[in-house]
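The values are calculated or read from the model by the stated rules, or taken from the named source; none is laboratory data. Keep in mind that this is a model prediction, so the values were computed, not measured. Here the Cβ is made from the backbone with ideal geometry for all residues, glycine too, and neighbour counts use every protein chain on show. Ligands, DNA and RNA are excluded from the accessible area calculation, which covers all protein heavy atoms including side chains. Shrake-Rupley method; radii C 1.70, N 1.55, O 1.52, S 1.80 Å.
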Amino acid sequence: MSASTVPLVKFNNGLSIPILGLGTWQSKPGEVGKAVCDAIDIGYRHIDCAHLYLNEKEIGEAIKKKIRSGIVKREDLFITSKIWNTYHHPDWVEKAVRISLDDLQLDYLDLYLIHWPMAYKEGTDPFPEDRNGKIIYSDVDYVDTWKAMEKLVEKGLVRSIGLSNFNTKQVQRILDAAKIKPVTNQVECHPYLYQKKLFNFCKERGVTLTAYSPLGSPQRPWAKPGDINVLDTAIIKAIAAKYNKSPAQVLIRCAIDRGIVVIPKSTTRSRIAENFNVFDFKLTPTDLEQIASLDCNGRLIPQAEGREHKDHPFAHGDE
Ligand code: A2P
């Protein structure tokens, strides 16, 4: 499969994103570079990164290697990064993007997202704590962060800007203040957290949804035995058997068939290839209904350490 066969999703600014990308959260140093090289060889052109993942330097080396060897051109790639909570102050926003650009060895990002709506005390320590081990918050409003992000587009440092982990009210606040509209809201999305309301809300306003943890993030560090295992769900396994596909492929296809951009993470070459091999089948409306019936607000990534923050997107009963 060549890269050109990955369908594109058009943003509200006229630019496009490949509907399938490689996730890199929890991709370990020493593994992530090879994973990115493997993904590019297999045909991925969209790599989802973030400053907080602490692996952008190695990803940058991998991208440089693939560009130098002529496998891809910069303009064929779609690279996303995200501004971390300690860089929300408008004076810190450009500094933040320049760190990611340096690490990734790029002149521009295709997409830059506000990673979470909550601002933490400004600085390079990603989780600044007080003496009692509680995170020190900042009162910077994410709307002011957004206005500083718009300047990055004007300066040519990023092509598109967007949100991550924003609830409906927060998306609306940004839209009300924006000169440049967010192109996407990247959120946890899988059958147990189907995000019907947020998806429709964003769609009506021309904002695409991007699904992280589409496989249910089986390696999330806080998972306990007996917790939800999305890949091991009977309905998903039955649909997979019907198409002679794997549960992971059904989960990825589910997002694609809803028009949701999807970024499964893997550092295993065979799985990176498996997750890309999803363009020769399609789920029916009945399959999708069955999958949607699993929805139970089963959030697996609660971002517990920022729960008391006034801007925490889902600790206060919002969706
Ligand atoms: P690994 O990276 O060791 O291959 P999510 O994208 O929902 O966060 O899920 C990522 C997790 O799912 C990682 O632990 C990854 O393991 C695993 N994974 C990725 N692709 C597959 C697959 N096709 N089958 C099973 N597990 C997978």
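Residue-by-condition table, conditions (1) more than 9 Å from the ligand (Cβ to nearest atom); (2) of a type in the set (Val, Ile, Thr); (3) free of Cβ contacts under 8 Å to residues at least 12 places away in the same chain; (4) within 28 Å of VAL36 (Cα to Cα):
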{"position": "ILE260", "(1), (2), (3), (4)": "yes, yes, no, yes"}
{"position": "ILE272", "(1), (2), (3), (4)": "no, yes, no, yes"}
{"position": "PHE279", "(1), (2), (3), (4)": "yes, no, no, yes"}
{"position": "SER293", "(1), (2), (3), (4)": "yes, no, no, no"}
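Across segment 276-316, which residue is most open to solvent (accessible area, probe 1.4 Å) among those that are touching a Pro at 6+ places or on another chain (Cβ under 7 Å) and over 28 Å from LEU8 (Cα atoms)?
ASP311
Based on what the data block shows, is SER16 polar (S, T, N, Q) and free of Cβ contacts under 8 Å to residues at least 12 places away in the same chain?
Judged against the criteria, SER16 is a match.
Report every pair of residues separated by at least 6 positions or lying on different chains whose Cβ atoms are under 7 Å apart, first residue within segment 184-198 and farther than 12 Å from ALA292 by Cα, second at pLDDT 95 or above and among the aromatic types (Phe, Trp, Tyr).
ASN185/PHE166; GLN186/TYR212; VAL187/TYR212; GLU188/TYR212
Can you confirm whether segment 24-31 contains a residue that is in contact (Cβ under 8 Å) with a residue 40 or more places away in the chain and more than 22 Å from GLU188 (Cα to Cα)?
Yes, segment 24-31 has at least one match.
Limited to segment 159-172, what total is found for residues that are open to solvent by less than 30 Å² (accessible area, probe 1.4 Å) and farther than 18 Å from ILE263 by Cβ?
Result for segment 159-172: 4.
Let me confirm something: among ILE236, ILE301, ILE291, which residue is of a type in the set (A, V, I, L, M) and in contact with a Leu (Cβ under 7 Å, 6 or more places away or on another chain)?
Answer to the check: ILE236.
Taking only pairs six or more apart or across chains, which ones have beta-carbon atoms under 7 Å, a first residue in segment 114-136 that is open to solvent by 100 Å² or more (accessible area, probe 1.4 Å), and a second residue that is part of a loop (DSSP other than H, G, I, E, B)?
Partner pairs satisfying both residue conditions: GLU129/ILE136.
Pairs please, first residue from segment 36-50 and under 25 Å from LEU163 (Cα atoms), second anywhere and open to solvent by 10 Å² or more (accessible area, probe 1.4 Å) and modelled with pLDDT under 95, Cβ atoms under 6 Å, 6+ apart in sequence or on different chains.
Taking only residues 6 or more apart or on different chains, the pairs are ARG45/ALA3.
Given (1) farther than 20 Å from TYR212 by Cβ; (2) touching a Leu at 6+ places or on another chain (Cβ under 6 Å); (3) polar (S, T, N, Q), identify the lone condition not met by SER81.
Result: SER81 passes all but (1).
Restricting attention to segment 24-74, which residues are touching a helix residue (DSSP H, G or I) at 6+ places or on another chain (Cβ under 7 Å), within 14 Å of the ligand (Cβ to nearest atom), among the aliphatic types (A, V, I, L, M) and within 21 Å of ASP107 (Cβ to Cβ)?
VAL36, ILE47
When segment 28-46 is examined, which residues are found to be modelled with pLDDT of 95 or more and under 20 Å from ILE301 (Cβ atoms)?
Hit for segment 28-46 is VAL32, nothing else.
Select from segment 148-158 the residues that are at negative phi and assigned to a loop (DSSP other than H, G, I, E, B) and write down the one among them that is surrounded by the fewest Cβ atoms within 10 Å (Cβ to Cβ).
Among those that are at negative phi and assigned to a loop (DSSP other than H, G, I, E, B), it is LYS155.
If I filter segment 173-217 down to residues being of a type in the set (A, V, I, L, M) and within 16 Å of the ligand (Cβ to nearest atom), which single residue comes out as most open to solvent (accessible area, probe 1.4 Å)?
Only one residue tops the list, namely LEU215.
If I ask for residues that are over 20 Å from ASP295 (Cβ atoms) and open to solvent by 80 Å² or more (accessible area, probe 1.4 Å), which ones from segment 227-243 would you list?
First, pick out the residues of segment 227-243 that are over 20 Å from ASP295 (Cβ atoms): 241-243.
Once the filter is applied, which keeps residues that are over 20 Å from ASP295 (Cβ atoms) and open to solvent by 80 Å² or more (accessible area, probe 1.4 Å), segment 227-243 yields only LYS242.
Pairs under 8 Å by beta carbon, first residue of a type in the set (D, E, K, R) in segment 212-236, partner crowded, with 21+ Cβ neighbours inside 10 Å, six or more apart or different chains?
Listed pairs, sorted by first residue: ARG220/SER213; ASP232/PRO247.
Here are the criteria: (1) on the phi < 0 side of the Ramachandran plot; (2) within 16 Å of the ligand (Cβ to nearest atom). Tell me which single one GLN303 does not satisfy.
GLN303 satisfies all of (1) on the phi < 0 side of the Ramachandran plot; (2) within 16 Å of the ligand (Cβ to nearest atom) except (1).
What's the total number of residues in segment 137-147 that are surrounded by 14 or more Cβ atoms within 10 Å (Cβ to Cβ) and assigned to a loop (DSSP other than H, G, I, E, B)?
3
Going by the structure shown, is LYS121 of a type in the set (Lys, Arg) and over 21 Å from VAL153 (Cα atoms)?
Details: of a type in the set (Lys, Arg): yes; over 21 Å from VAL153 (Cα atoms): yes.
Answer is yes for this residue.
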